[in-house]
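Report on the following structure.
The values are calculated or read from the model by the stated rules, or taken from the named source; none is laboratory data. Just so we're clear, the structure is a prediction, and the values are computed from it rather than from any experiment. Backbone-built Cβ (ideal geometry, glycine too); neighbour counts: all protein chains shown.
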Amino acid sequence: MPTPDREDSLTVDFSGGYFPSAQNLSPEELQRTIKAGSNVWLRARGKLDVANGLLEVSSTNVGPRIFAADTQRATIAGALVGDRLPFASLIRYDNAVLFFLSEETSKQVYLNEVAVAGLTTSATAGRLRVAVPDGLGGYNVYDAGFDKPLLPSGNVSVVHSPGLKNMTGAIGVALAPWRSTTNAWGPPSDTYYKTCTPATLDILRIILPSSVSGQDGWLFCGTRWNDQSGALQVVRYIRNQPRGTFTLTNGSTDVTAGVGTRFTQDLQRGDQFVTEGIGNDITTVTSDTTATILTPWAGATGANKTMQLTAVAGDWYNSELLELISRDTQRLPRAAGLIKYAGRVIGWGIADPDSTGTFTAATGNVLAAMRDDNPEHVSLVRLRTDSGSDLLNVLGADGPLYLMTTTGLEVASLGGEPDAPFTVRIVAEPGFQAGTNGCLYVDTFYGYNGKPLRTRARENVDVEFGEPVWDDMADWNGARVIVAVDPDNAAVLYIHDNGSTTEVIPWMTQYEVWGPPLNFSDRIIDAAVVNGTLYVTYLSGGNYRVNEWEGGSGIGGTRYSASQYYDPNALKSDRVKQIVAAGKLGSVSIYAATPGASVPDVTNLGAAAATFTLSDTANALEPAIKTNIRGDAHAFRVDFASNDGTFDKLVARGLPQGEDR
């Protein structure tokens, strides 16, 4: 009988990660990888934990799309468009203002799964909307941006007196619509030139046309004296209703006791207004809280009065003119999505207009950046994909923009030239089938275009990292693949919804290995990281619900991990005589490959040569299991019976070939 030191042992671990594509009798360098597994997380040094399941955070049917609005979850109602997610986006801009759009019209928007009254997508598909906090917990919501206003020529006139600047010569004026809450202004109207004479102390007066929804003011625009080049500058900002309240006294021309008023900013000599149905003119502005009017007040004496401007006046020295007004300004055309990048909002997926000038396509190949001094509007400068292919998504952090198109991945980098602010190049082909096919994590783009890929902007594309799981992903429908970030586990999740159930295969970024699949009985449709936590939209029973990733208890279902087959050289034995397991385990199984027979399938518990039930107790000192299983190669499988199951290690002891015991 051999002495004990002739016995050999093998420590089984899973440090090589999930590698189902390995051949059944794998080479030595792959023998510490996972051949098969389900519903467990791979940790450092090959340890395993049972994964947690989803936690439904609200029973509200919120629709398929989910976004991060700073620390809030934002969801947009609706449904799938055919077999894909609708094109939609929502971002938080400055001062809690929201920008959002969707190709699905008039749909409710939810914040943390609560329907906010009036917060709906536009009645026009793909049109940008802006939601401005109303100070009462709700929002004022408008279609973003303004079109060029119509200013009839008869609305512009020269008025002799009460000017103070002695304006002279041909001087042009125009109006541009303005939203004070976001400081957004639209393209200016046509410019009208009027001749002013210093001897008569002329002012230029404009009768205000009707405002559109959400517009609370105008920019009074003017030219330099005797300048007909077309250059317009801001003369003053007009609020349709000047701020604050005041007191008027019957029979008096004094406007007094302003509360919250800014008369020196909001009013000017020659302005005309209506209060309580009575019109009048401003003759002097003496302070922020007092002014005088032309005709003694004919209405009732009282405080808390407000005014509505009907016509506004302007006279100026050239040196008093404010910023230039660009005519190269328009509201964002129909777009497929938004991204906030380098402090600016970029609309992407803009298609060329049709023959009637209408933007009808759900997505296109154009990006347009919001003007940095004028949110809700873009310039006429456009960035197009290098390939000319339509955009499915655009991702960006501090570095370049990654453009996901129908034919490839393109990278847009800062070009440094005024006429070419970005340079665009194609870095990977083929293209993507859905906007969810990519994500950014730690400055690396991870994607799926038939195979997993990853890249940094200035590096070669790496597809080899996905080799272990190529077989598992070979039949995935790219239109239903989501690539998402799991911050808690430092993982990039490759998620496939097959139309009824969902499989998730995680890439463990810290260990540079794949983890075994996680399986769900219904469909994960969309995903977003909000305040450092991953949330998914879960389609179950026809309802779209928001769920916190790994927020629940144990995931349920079959929870196990199985090794590759270790050849006799690894164990230096053709018999397994003893196994010792450490962890909270339900059972351990041994598989044996023998000459002339098919290699047993480790996914099938019934194919095991032996299965041993363990105590399923945390920190238990499991007794050694004695056995006598012969084979040319052996594989080992651990199954978890409890939600909190763990695996630390498994030691198998063998008997050298040719010896018996």
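Listed here are the residues, each with its yes/no results for (1) farther than 28 Å from Asn393 by Cβ; (2) not acidic (Asp, Glu); (3) not assigned by TED's automatic domain parsing to the domain that holds Gly435.
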position: Lys35; (1), (2), (3): yes, yes, yes
position: Ser38; (1), (2), (3): yes, yes, yes
position: Ser58; (1), (2), (3): no, yes, yes
position: Ala69; (1), (2), (3): no, yes, yes
position: Ile76; (1), (2), (3): no, yes, yes
position: Asp83; (1), (2), (3): no, no, yes
position: Tyr93; (1), (2), (3): no, yes, yes
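Pairs please, first residue from the range 424-440 and under 19 Å from Ala528 (Cα atoms) and not assigned by TED's automatic domain parsing to the domain that holds Leu395, second anywhere and crowded, with 21+ Cβ neighbours inside 10 Å and modelled with pLDDT under 95, Cβ atoms under 8 Å, 6+ apart in sequence or on different chains.
Listed pairs, sorted by first residue: none to list.
Counting residues that are free of Cβ contacts under 8 Å to residues at least 60 places away in the same chain and surrounded by fewer than 16 Cβ atoms within 10 Å (Cβ to Cβ), which strands (runs of 3 or more DSSP E) fully inside the range 128-230 reach at least 1?
Qualifying strands (runs of 3 or more DSSP E): 129-133, 156-160, 169-179, 192-196.
Quick check, is Ala635 of a type in the set (Gly, Ala, Ser), within 25 Å of Leu42 (Cβ to Cβ) and part of a strand (DSSP E or B)?
yes
If the requirement is being modelled with pLDDT of 85 or more, part of a strand (DSSP E or B) and surrounded by 21 or more Cβ atoms within 10 Å (Cβ to Cβ), which of these qualifies: Val345, Val424?
After ruling out the rest, the residue left standing is Val345.
Report, by residue number, each residue of the range 247-279 that is assigned to a helix (DSSP H, G or I) and surrounded by 17 or more Cβ atoms within 10 Å (Cβ to Cβ).
Phe263, Asp266
Which ones in the range 599-647 are surrounded by 16 or more Cβ atoms within 10 Å (Cβ to Cβ), within 12 Å of Ala581 (Cα to Cα) and touching an Asp or Glu at 6+ places or on another chain (Cβ under 9 Å)?
Scanning the range 599-647 gives Leu614, Thr646, Phe647.
Inside the range 52-78, can you point out the residues that are within 26 Å of Leu518 (Cβ to Cβ), at pLDDT 95 or above and not in a strand (DSSP E or B)?
Selection gives Gly53, Leu54, Val57, Asn61, Val62, Gly63, Pro64.
Please work out if Ser122 is without any contact (Cβ under 8 Å) to a residue 24 or more places away in the chain, closer than 18 Å to Phe67 by Cα and among the small types (Gly, Ala, Ser).
Details: without any contact (Cβ under 8 Å) to a residue 24 or more places away in the chain: yes; closer than 18 Å to Phe67 by Cα: yes; among the small types (Gly, Ala, Ser): yes.
When the stated conditions are applied, Ser122 passes them.
Pick from the range 447-491 the residues that are of a type in the set (Lys, Arg) and modelled with pLDDT under 95: which of them is surrounded by the fewest Cβ atoms within 10 Å (Cβ to Cβ)?
Checked the range 447-491; the qualifying residue surrounded by the fewest Cβ atoms within 10 Å (Cβ to Cβ) is Arg458.
Residues of the range 578-591 being small (Gly, Ala, Ser) and either at pLDDT below 95 or surrounded by fewer than 19 Cβ atoms within 10 Å (Cβ to Cβ) (or both), which ones?
Ala581, Ala582, Gly583, Gly586, Ser587
Checking Val234 against (1) crowded, with 17+ Cβ neighbours inside 10 Å; (2) outside the structural domain of Thr191 (by TED's automatic domain parsing); (3) outside any loop (DSSP other than H, G, I, E, B): exactly one of these is not met. Which one?
With respect to (1) crowded, with 17+ Cβ neighbours inside 10 Å; (2) outside the structural domain of Thr191 (by TED's automatic domain parsing); (3) outside any loop (DSSP other than H, G, I, E, B), Val234 is out only on (2).
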